[in-house]
Amino acid sequence: MTENEDADDLAIVFRSAGKPVRMSTPAKWRRAITLGDLTRSTPVEMETGGRSQGVRPAGEVPALRRLFDEISPQAEAEAAVPLPQSAQPEAEAPVPAEAVTATASPRSTPLPVPPPLAAAATPKKSGRGGCFVVLGVLLVIALVVVRSCSHRHPGRPLGETVTVYVTRPVNLRPGPSSGDAPSALLGRGTALSGVWNDAGKAWFKVTGGGRQGYVWGMDLADGARPDLAVIVGHPQVVRRSVSEYREPDAGSPRERGLAAGDSVLVAGKLASGWWEVVNKGRTASSVAGVGYAPLEAFR
């Protein structure tokens, strides 16, 4: 652990539901933990002052560990919502002897309903409280189901060999850690065959094509990179406020907003007119790597 891990300008980068996410405020960390998007075992890359401090489980980062310790007991208490008094089991209540006799007789009459249950069946103003309790239980169950689905069913299961593509120059390392010295530099568009090393897709394990090692998952894409008609490779000032998209298609997920006057590193221009822009981990709202801005952004 370094002393920068608890700094005020700490930002974390991790993957949620297969998509990279960057968060730089405790309020966002708290919300991610509460919703189950960020768990103690989630691999996170830490940044301070725009520099990477390495990757480790979220539960080992002091600033996050305090939130986990604070939030987890609350989540457990909410999951154990008490039943209304009228619905509590009454196993300890003594059974009348005549009730036992009636049960043994084939001609016995139905057992009387215990007073607490009968009272619960009578509409009263206090019945609203019971409804709220039931709704609370249902909401907790729904939240647990959503968390289970989002964490146990990633887009592609671990161990399945897939092909991914480098979105910007990225290092190939011998292990899944930014602390390992790079063994090679992979260029934009390089196709890599291998498997995802973890459920959060923080690291990709390269196993094919004569390469062996690990690549940071945020600099990879599922689809081949489009050809650049014009290579730029230097910053340009945004002329008109636009949205940046994950792919050169306005129907793809929105990455962030580009405001007029922003300086953005432009990798190049596609034949279709879209601009490929480079994202830095400390500025991109959801992923590192690259994104695409429409033609009017720099006109």
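The values are calculated or read from the model by the stated rules, or taken from the named source; none is laboratory data. The structure presented is a predicted model; accordingly, all values stated were derived computationally and were not measured. As a convention, Cβ positions derive from the backbone with ideal geometry for all residues, glycine included, and neighbour counts pool all protein chains shown.
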Inset, instruction - Please work out which one of (1) in contact with a Lys or Arg (Cβ under 7 Å, 6 or more places away or on another chain); (2) at pLDDT below 80 is the condition GLY59 fails and give its number. - result: (2)
Legend entry - Which numbered condition LYS201 fails, given (1) buried (at least 19 other Cβ atoms within 10 Å of the Cβ); (2) outside any loop (DSSP other than H, G, I, E, B); (3) touching a residue at least 40 places away in the same chain (Cβ under 8 Å): (2)
Inset, instruction - Determine whether GLY223 is closer than 25 Å to PRO43 by Cα and within 20 Å of the chain's Cα centre (by Cα). - result: no
Inset, instruction - Could you tell me whether region 235-242 includes any residue that is crowded, with 19+ Cβ neighbours inside 10 Å and of a type in the set (S, T, N, Q)? - result: no
Legend entry - Residue in region 105-117 that is aliphatic (A, V, I, L, M), within 20 Å of GLY200 (Cβ to Cβ) and either at pLDDT below 50 or touching a Leu at 6+ places or on another chain (Cβ under 9 Å) (or both) present: no
Inset, instruction - Could you list all residues from region 225-270 that are more than 21 Å from THR190 (Cβ to Cβ) and among the small types (Gly, Ala, Ser)? - result: SER241, SER243, ALA250, GLY251, SER252, GLY257, ALA259, ALA260, GLY261, SER263
Legend entry - Pick from region 21-55, criterion out of contact with any strand residue (DSSP E or B) (no Cβ under 7 Å at 6 or more places or on another chain), basic (Lys, Arg) and closer than 14 Å to ALA11 by Cα, ranking: surrounded by the most Cβ atoms within 10 Å (Cβ to Cβ): ARG30
Inset, instruction - Output yes when any residue across region 142-164 is at pLDDT 60 or above, among the basic types (Lys, Arg), in a helix (DSSP H, G or I) and exposed (fewer than 12 other Cβ atoms within 10 Å of the Cβ), and no when none is. - result: no
Legend entry - Subset of region 209-218 [touching a Lys or Arg at 6+ places or on another chain (Cβ under 6 Å) and under 15 Å from VAL13 (Cβ atoms)]: GLY217
Inset, instruction - Sort through ARG256, ARG299, ARG282 and tell me the only one that's more than 25 Å from LYS28 (Cβ to Cβ) and modelled with pLDDT under 90. - result: ARG299
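Name the residue, out of VAL195, VAL230, that is surrounded by 14 or more Cβ atoms within 10 Å (Cβ to Cβ), part of a strand (DSSP E or B) and in contact (Cβ under 8 Å) with a residue 12 or more places away in the chain. Write out each step before concluding.
On the way: VAL230 fails: surrounded by 14 or more Cβ atoms within 10 Å (Cβ to Cβ).
Criteria check complete, one pass: VAL195.
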Legend entry - Pairs, first over 15 Å from GLY200 (Cβ atoms) in region 26-39, second modelled with pLDDT under 85 and assigned to a helix (DSSP H, G or I), C-beta under 7 Å, six or more apart: ARG30/ILE71; THR34/ILE71
